[in-house]
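K.L.:
Quick one: the structure is below, and I'll ask about it shortly.
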Amino acid sequence: MLGDSALSGSGAAPACFDVVIAGAGIVGVACAWQLTRAGLRVAIADSAFVGGGATAAGMGHIVVLDDSDAQFRLTAWSRQLWRDLRPELPASAEYVECGTLWVASGGEEMAEASRKREYAASRGVAATLLDAGELAALEPHLRPGLAGALLVPHDGVVYAPAAARWMLAQATAHGATYRQGQRVESFGAGSARLSDGTRWSAAALVNAAGVDAPRLTPGLPVQSRKGHLAITDREPGFIAHQIVELGYSKSAHSSTADSVAFNLCPRPTGQILVGSSRQFGVTNAVVERPVLEAMLKRALAYMPDLGNLSAVRCWTGFRAATPDNLPLIGPHPSLPGVWIAAGHEGLGITTSLGTAHLLTALILGNSCAIPAHPYLPARLSTEVGRA
Ligand SMILES: Cc1cc2nc3c(=O)[nH]c(=O)nc-3n(C[C@H](O)[C@H](O)[C@H](O)COP(=O)(O)OP(=O)(O)OC[C@H]3O[C@@H](n4cnc5c(N)ncnc54)[C@H](O)[C@@H]3O)c2cc1C
């Protein structure tokens, strides 16, 4: 199939590739990189610039999550891919294996921490239970009275915009064509048209447009979910781990309610990213004071000493959410030649690498390292087909 790309349209013959990708966020560029490594001719376009969408707005936490077996498999595998990549990543990607501390405020949450530890351990992912004293010794600025925590030592943090730029550079070094500031206006029947009128033909057209994916492929069940983040001034050593409340998953995976959760990310600069919030149905990007206040209040409830630092900037971004909290990776069920790599919600930086490997294997008809079916768009085919 690949390499047989038919020319289409009128006027000048379109440039011919094996794969055209719409969107150069971390998911699109990871796919471009893997596909070129597999020997395919790839073209990728972004309506803005590389890593400028949700990728620039995110925290960069590389994390194993276990809300479902499928989520665990994809995040654990992707985290391993990030760990394997460390020797190759440039210093600007600032990959640090700081570990995640899942903080338990009481006995019920300690029981949940224990369940998570057993679940992870039985699947080969290291995690350790800490009591209150051990937690306080690791992160002395947390408030007294917490019950303990689960430490997942091999989670990490990456500066995603730099990692995305590097992956794109790898792809272009392998021969990929990149067009910046060019929207893919239409997509289908083996052909893509860019906003300047350029036409590209390819057997595989990959929609990696993040929250804008349904604009390019109408009917995709992807909803935008707004998030706020704040960043403090520099206080090196103030925290050493990504620190998240155990209730985070409830906030992240409620598919209706707006919520905030305590989530801190240490930056190599000594700054601390403070999150996080989730809102459905909000399309404007303005920082909303009530949401920001609720988020910061939640953070101060866990770490009152944060009040001694200044928040120097805050911003918002949009996560691409699906109804079952799993990304859409694979062929569109009813549009031949159209492939989807979107809907990664709050985990797309983590899962970009696994997504790229899965998509490449599926396009080439190769076997996948993990079962692909939980992520195939066809699983939501009633929604996917609805325009
Ligand atoms: C506040 C917040 C915190 C987060 N924290 C984390 C975290 O700690 N860890 C984690 O793993 N994930 C996190 N995420 C999620 C993560 O940022 C996203 O899942 C990930 O960046 C999605 O990447 P993407 O490439 O799919 O989308 P994007 O980065 O949004 O890229 C899509 C690109 O497509 C382009 N585009 C759109 N339409 C078109 C078109 N028609 N033609 C051409 N280009 C087009 C856009 O310009 C954009 O550059 C967070 C997200 C937010 C908002």
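K.L.:
Please give the helix 348-364 orientation as an angle from the longest Cα principal axis of the chain, in degrees from 0 to 90, rounded to the nearest 10.
P.N.:
That works out to roughly 30 degrees.
K.L.:
Please identify, among Arg289, Arg234, Arg37, the residue showing maximal mean-square fluctuation in a Gaussian network model of the chain using a 10 angstrom Cα cutoff.
P.N.:
Of the options given, Arg289 has the highest mean-square fluctuation.
K.L.:
Same structure again: Using helices alone, I'd like the mean residue ellipticity at 222 nm for the chain: each DSSP H run of four-plus residues gives -39500 (n - 2.57), total over residue count, nearest 500.
P.N.:
Result for the chain: -9000 deg cm²/dmol, rounded to the nearest 500.
K.L.:
Based on alpha-carbon centroids, what's the gap between region 115-169 and region 313-338 in Å, whole number please?
P.N.:
A separation of 26 Å, based on Cα centres.
K.L.:
Would you pull out the residues with amide H under 5 Å of Ser191's amide H, same chain only if 5 or more places away, H placed 1.01 Å from N?
P.N.:
Hits under the 5 Å cutoff: Ala202.
K.L.:
Follow-up. Can you sort Phe49, Phe72 so the residue with the fewest Cβ neighbours within 10 Å comes first?
P.N.:
Phe49, Phe72
K.L.:
What is the local net charge at Ser114, summed over the other residues whose Cβ is closer than 15 Å to its Cβ (Lys, Arg +1; Asp, Glu -1)?
P.N.:
-4
K.L.:
What's the magnitude of the charge dipole for region 1-154 around its Cα centre, counting Lys and Arg as +1 and Asp and Glu as -1 at the beta-carbon? Answer in Debye, nearest 20.
P.N.:
The dipole of region 1-154 has a size of about 300 debye.
K.L.:
Further question on the same structure: Might you report the magnitude of the Cβ-based charge dipole of the chain about its Cα centre, with Lys and Arg at +1 and Asp and Glu at -1, to the nearest 20 debye?
P.N.:
Charge dipole, the chain, about its Cα centre: 780 debye, nearest 20.
K.L.:
A further question follows. Helix 160-173 against the longest principal axis of the chain: what's the angle in degrees, Cα atoms only, rounded to the nearest 10?
P.N.:
30 degrees
K.L.:
Let me ask you something else. Between region 17-43 and region 220-250, what is the C-alpha centre distance in whole Å?
P.N.:
Here the answer is 29 Å between Cα centres.
K.L.:
Let me ask something else about it. If the viscosity is 1.567 mPa s and the temperature 4 °C, what Stokes-Einstein diffusion coefficient in µm²/s follows for region 246-387 when Rh is the Kirkwood radius over Cα pairs?
P.N.:
Rounded, D is 74 µm²/s.
K.L.:
Determine the sum of side-chain charges near Ser195: Lys and Arg each +1, Asp and Glu each -1, restricted to other residues whose C-beta is under 10 angstrom from that of Ser195.
P.N.:
Computed value for this residue: +1.
K.L.:
Work out the length of the dipole vector of region 185-306 about its Cα centre, built from +1 on the beta-carbon of each Lys and Arg and -1 on the beta-carbon of each Asp and Glu, and round it to the nearest 20 debye.
P.N.:
My answer is approximately 220 debye.
K.L.:
Between Glu88, Glu118, Glu235, find the one with the highest GNM mean-square fluctuation for the chain; connect C-alpha pairs within less than 10 Å.
P.N.:
Comparing Glu88, Glu118, Glu235 in a Gaussian network model of the chain, the most mobile one is Glu88.
K.L.:
Averaging sequence separations of C-alpha pairs under 8 Å and six or more residues apart, then dividing by the length of the chain, give the relative contact order as a whole percent.
P.N.:
23 percent.
K.L.:
List Met167, Met110 from most exposed to least, where exposure is judged by having the fewest other Cβ atoms within 10 Å.
P.N.:
Fewest to most other Cβ atoms nearby, the residues stand as Met110, Met167.
K.L.:
Next up: Can you give me the long-range amide H partners of Leu65? Hydrogens built in the peptide plane at 1.01 Å from N, cutoff under 5 Å, separation of 5 or more residues or another chain.
P.N.:
Thr75, Ala76
K.L.:
Based on DSSP, what percent of beta bridges with both residues in the chain are antiparallel, to the nearest 5?
P.N.:
Looking only at bridges with both residues in the chain, the antiparallel portion is about 65 percent.
K.L.:
Most exposed first by the Cβ proxy, i.e. fewest other Cβ within 10 Å, how do Glu345, Glu293 rank?
P.N.:
The most exposed by this proxy come first: Glu293, Glu345.
K.L.:
To test your reading of the geometry: what angle, between 0 and 90 degrees and rounded to tens, separates the Cα axis of helix 107-122 from the longest principal axis of the chain?
P.N.:
The answer is roughly 50 degrees.
K.L.:
In the neighborhood of Pro140, defined by Cβ-to-Cβ distances under 14 Å, what is the net charge if each Lys or Arg adds +1 and each Asp or Glu adds -1?
P.N.:
Charge balance near Pro140 sits at -3.
K.L.:
To continue, here is another question. How would region 328-387 be classified by its alpha-carbon gyration tensor: rounded, prolate or oblate, with rounded meaning a/c under 1.5 and the a/b versus b/c comparison settling the rest?
P.N.:
Because a/c hits 1.5 or more and a/b fails to exceed b/c, region 328-387 counts as oblate.
K.L.:
For region 95-240, what is the convex hull volume of the alpha-carbon atoms per residue, in Å³?
P.N.:
Convex hull of Cα atoms, per residue: 209 Å³.
No lab work stands behind these numbers, since they all come straight from the coordinates. These numbers come from a predicted model, not from an experiment. Every residue, glycine as well, gets a Cβ built from its backbone with ideal geometry; the counts of neighbours run over all protein chains shown.
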